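Trainee: I have a structure here, written as structure tokens, and I will follow up with some questions on it.
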Amino acid sequence: MTAPGPGLDPAQVARFRADVTDTLGAPLAADGVLALAVSGGPDSMAMLALSVAAFPARVRAATVDHGLRAAAADEAAMVARWCSSRGVPHHTLLLREPIGTAAVQATARALRYDALAHWVVASGAIALATAHHVDDQAETLLMRAVRGTGPAGLAGVRLQRTHACSGGAGRFTIIRPLLGWRRGELRAIVTDGAIPFVDDPSNDDAHFE
């Protein structure tokens, strides 16, 4: 078994590996590929570091750049550099479709979701992991309660769901292996491990409801 990287607790790596197994419903196959949505925020960078340690040579990462913020290209480049230093294939998915001023976040999320969907299917990955954690779960439930989404909406964020690509390009599974982790735990992983990250709140919008 490959040793965890600097600053990573072997117990945390084992815990993450078990969480991925639980969300997939089976261990990741020896030739299986796990795709990651990595924004560059502390949550997704912690997930990236844990994944590399838990599943060496079986991880692919992607960062979406909508061109909505000047810093987005630099953030994607930061993720790409870290991935390169660990031998992890990384793709920056550039989206340049115009987004109106109304419901910008919802539109951007839908476009990002679709870009990642096509990338996951093309990469042959078994699933796409996102960095939703337990604090996101609580915040999502609160927002849905405020919006009055009803009992179904109050079910919260699911550990696993299936998503279909636009244009009938295929289907893939989204998993959230960090739903049992706290935001503070994930931040400690990146700070203790000297793993680069950016603290722009918009980065955490890489999570999917």
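Trainee: Around Leu8, under 13 Å between beta carbons, what's the net of Lys plus Arg minus Asp minus Glu among the other residues?
Mentor: Net charge around Leu8: 0.
Trainee: Near the amide H of Ala127, under 5 Å away, which other amide H atoms are found, from residues 5 or more places off or on another chain, if H is placed in the peptide plane?
Mentor: Under 5 Å from the amide H of Ala127 lie the amide H atoms of Ala35, each far enough along the sequence or on another chain.
Trainee: Given R₀ = 25 Å, FRET efficiency for Ala194-Ala26 by Cβ-Cβ distance, to 0.05?
Mentor: 0.15
Each value in this text was obtained by applying a stated rule to the coordinates, not by laboratory testing. Because the structure is predicted, anything quoted here is derived from the model rather than measured. Positions of Cβ are backbone-derived with ideal geometry, glycine not excepted, and every protein chain shown enters the neighbour counts.
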